[in-house]
Amino acid sequence: MNFKNIKSWISIALMLPVLAVAQKFNVSGTVKDGANGETMISAMIYTEDGNYGTATNAYGYYSIELPKGTYTLLFNYSGFATLSKTIIVEGNMKLNVELAAETEEIDVVVVTGKRNTDNFKKVEMSTIELDVKRIEKIPALLGEADVVKAVQLMPGVSSVGEGATGFNVRGGGIDQNLILLDEAPVFNSSHLFGFFSVFNADAVKNVKLIKGGIPSQYGGRLSSVLDIRMREGNKKKVSGQGGVGLLFSRFAIEAPLVKDKASFIIAGRRSYADILAKPFLADNFSDAKFYFYDLTAKVNYDINEKNNVYLSGYFGRDVFAQGFGFNWGNQTATARWNHIFNNKLFMNMTTYYSNYDFKIGVGNQEEGGFQWKGNIKNYSVKPSFTYYLNNNNTIQFGGQSILYEFAPGESEFYAQSFQTGNDTTFDFSQDDRFGLENAIYIGNEQKIKKGIILKYGLRYSMYSYLGPSKEYIYGERSSITESRDTLKVKSYNNGEFIKTYFNPEPRFSAKFDIDSVSSIKTSYNRMSQYIHLMSNTAASTPLDFYSPTTNNVKPQLADQIALGYFRNFGKNLGWETSVEGYYKFLQNQIGYIPTAALQLNDYYEGDLYYGSGRAYGAEFFVRKNQGKLTGWLSLTLAKTEVKMDEVNNGDYYNNRFDKPVVSNLVLNYEFNKKYEMSANFVYNTGAPFTSSSINYGIQGVSVSHNPANVRNNARVPDYHRLDLSFTIHGNEEKKNGNKKLWHGDWVFSAYNTYARRNAFTVYFENENGEPQAIKYSIVGTVIPSITYNFKF
């Protein structure tokens, strides 16, 4: 063989990989609900032989790479009939599909679909997805479907108690959860001091809680991401739904603006306890106000096959007034643009505005009184890209920039001057503060070989404490219970950088199949948090404010590792189980001196302690997804501790939301199409509280001391509660088989069925020179309710 032939063979050998790649093409498109045109999140797309598969992203888009040939593609989504499409692949092609809801005749096809393997096949761990249909079946206070209450029934999630705002995940504070509504952060997730969430289930499409292995596109909080996606509105026809209950009513309407191209949805709620109670109130309470309301809206437009735009917003408020005014609430606005560059590259560009504010006051400037208000505002832009390199690699990359405005307290006191008799205004306001957070990220989900998937990435964040703000410089503490002395205060001009921090945040997850129905998963993530909720009460209040990271308050950091075993079993793999263990180490945790003055105090940083924390535990989860009886059992065994030099002699002590045992049982039984019953039972260890370490009496007066600055050394009694609900479904069809234009359901429920008086906290009173523990309960009786829900 001469040199020329050798050269030809080498050229052919080098071309073979190129030719092989050239024979593969991309099939891409969107998956939508055929009834209303809503895009479907995490719908499964796979070939009939199971050799190729993928899932839609958060915007309903998918891309799969197939060699040249003929294939049968299956499209599957829980609760919908599996759609089969035979295609001939000869080049890149678009394939948009719409799925039809399941019927009894095709129920078997649906439940045997690929989605029943998500528990052990997907690389994600410490992740739970809930659809609204599942949430609506859970018994809740006054019969209202509640997103946050449903999340609290999951493993690794807890709450300080009834009447507590927010939720805690794997030992984290309520401010350590990134709660997103259509990608905009929500800072206070509760109405009515924690009894209801701010999210109207009628406007919600999908709920996803991520507790570990957090992907690199998320950042800014330590413990979890609660990603709530709103519905887009019916593109096919006018429809609506709502409900009338004992405490509040709700109504949602949606319709196409341009059929199959543009639509909107508007959903509102308003409580009316104040209206119902008004005839029974004494004259001096006749002007009392206590209610909440919220409005959620979204509009979208499919410009063409490559461009879609979305606008969404939320406005909600709680109002309490009796001789004074007190109100608080969230406002968000999100604008998104989806663009498909080609079959492999997808972009989502998001900009948002988010605000949380509170106002409290009495009187006015002429008559005397005071006014106090505060807020935190965010402005952000976030470009994110998904590149479908091939069937084995899906790359996500992008960045985010967030501008923070902190107005912790603007307060004025109005009074008449004794000397002049003129109206005088005294200003007690705190200075506003500003911060800028920037981040870039990249991540890849890689299929190494059959049964092994890796997901790895890096987020690099930078935060700057900005002017016009002030830099406070403090000296040492004279004692462990005293404020630090202020040595110097330096002012900065607008846009000046006061202090900057940089943090790399690696992320990693892996899944290894053991056999055809089980797998082992592991994950690691580092998270950084640059905003901090200042709260030294047993449960957060609407008056608590957010502090930026400053020269004194360092970014909070958390490193978490997790390992889990996942398995499905039973008919059609309808039972899913998992066991996960985790360990989390937290840095730069914040504590408070016993006499900390946080509100309306520019020098609050001098009242703070700093230390570390740790959280570790095991989570057990069993869920039955099909049949007449469905539901789940979750059990969390965990420990959450904090260590600060000035507290508890420098030893670890219980965090205020440490609960060693948290368990939840949720059951739903469908007798038939008309009757349905649900129950949930909750049991968890009582929350910690601080009790004095030394008690003695002097002349009949009880005296208590805490010389070692001990914290959370006692617990309230264990918490347990049973809730029940019974639903009577109206007929959706007429006798001739046609759909009714209107149908309704009646929901009868009982919250705290056996009237358990669960203690929220414990305080002490002096009785004959001896301290007596008094248990304080928020709910001490059964709360029955009836709700009428309707759709048209």
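The values are calculated or read from the model by the stated rules, or taken from the named source; none is laboratory data. None of these values were measured; they are calculated from a predicted model. Every residue, glycine as well, gets a Cβ built from its backbone with ideal geometry; the counts of neighbours run over all protein chains shown. For accessibility, only protein heavy atoms count, side chains too; no ligands or nucleic acids. Shrake-Rupley method; radii C 1.70, N 1.55, O 1.52, S 1.80 Å.
Key figures for this structure:
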{"read-out": "R0 of 51 Å, Cβ-Cβ distance Val362-Tyr754: FRET efficiency to nearest 0.05", "value": "0.80"}
{"read-out": "Contour minus Cα-Cα distance for Phe681 and Ile728 (0.36 nm per residue)", "value": "14.7 nm"}
{"read-out": "Residue-count net charge about Asp607 - beta-carbon cut-off 13 Å; Lys, Arg +1, Asp, Glu -1", "value": "-3"}
{"read-out": "Total charge dipole magnitude, the chain, about the Cα centre, Cβ charges on Lys, Arg, Asp, Glu only, Debye to nearest 20", "value": "3180 debye"}
{"read-out": "For Asn92, net neighbour charge (Lys/Arg +1, Asp/Glu -1) across residues whose Cβ lies under 15 Å away", "value": "+2"}
{"read-out": "Label selected from [x] 158; [y] 174; [z] 217, the criterion being volume of the Cα convex hull per residue in Å³ as computed here", "value": "[z]"}
{"read-out": "Of Lys137/Lys791; Lys447/Lys584; Lys306/Lys739; Lys133/Lys628; Lys377/Lys554; Lys735/Lys791, those spanning more than 25 Å from alpha-carbon to alpha-carbon", "value": "Lys447/Lys584; Lys306/Lys739"}
{"read-out": "Average Cα contact separation per residue, the chain, under 8 Å, 6 or more apart, as relative contact order %", "value": "10 percent"}
{"read-out": "Calculated P(r) of region 412-539 - Cα pairs past 25 Å, %", "value": "61 percent"}
{"read-out": "Solvent-accessible surface (1.4 angstrom probe) belonging to Val716, in square angstrom, nearest 10", "value": "10 Å²"}
{"read-out": "Volume in Å³ per residue [convex hull over Cα atoms, computed for region 229-355]", "value": "107 Å³"}
{"read-out": "Å² of accessible area per residue within region 165-271, as computed with a 1.4 Å probe and no ligands counted", "value": "22 Å²"}
{"read-out": "DSSP-assigned coil residues among chymotrypsin sites (Phe, Trp or Tyr not before Pro) in region 295-350, each with at most 13 further Cβ atoms within 10 Å", "value": "Phe324, Phe341"}
{"read-out": "Environment charge of Gly475, counting only residues whose C-beta is closer than 12 Å and scoring Lys/Arg +1, Asp/Glu -1", "value": "0"}
{"read-out": "Cα gyration tensor shape of region 296-364, rounded if a/c is under 1.5, else prolate or oblate by comparing a/b with b/c", "value": "prolate"}
{"read-out": "Nearest 10 degrees, 0 to 90: helix 3-22 Cα axis against the chain principal axis", "value": "60 degrees"}
{"read-out": "Solvent exposure of region 493-543 as accessible area per residue, Å², 1.4 Å probe", "value": "40 Å²"}
{"read-out": "Solvent-accessible area, 1.4 Å probe, carbon plus sulfur percent, for the chain", "value": "58 percent"}
{"read-out": "Karplus (6.51, -1.76, 1.60) ³J(HN,Hα), θ = phi - 60°, over region 553-560, in Hz, Gly and Pro reported as x", "value": "8, 7, x, 6, 10, 9, 10, 10"}
{"read-out": "Expected 222 nm ellipticity per residue - DSSP helices of 4 or more, -39500 (n - 2.57), all of the chain, to 500", "value": "-1500 deg cm²/dmol"}
{"read-out": "Region 112-167, Cα convex hull volume normalised per residue, Å³", "value": "98 Å³"}
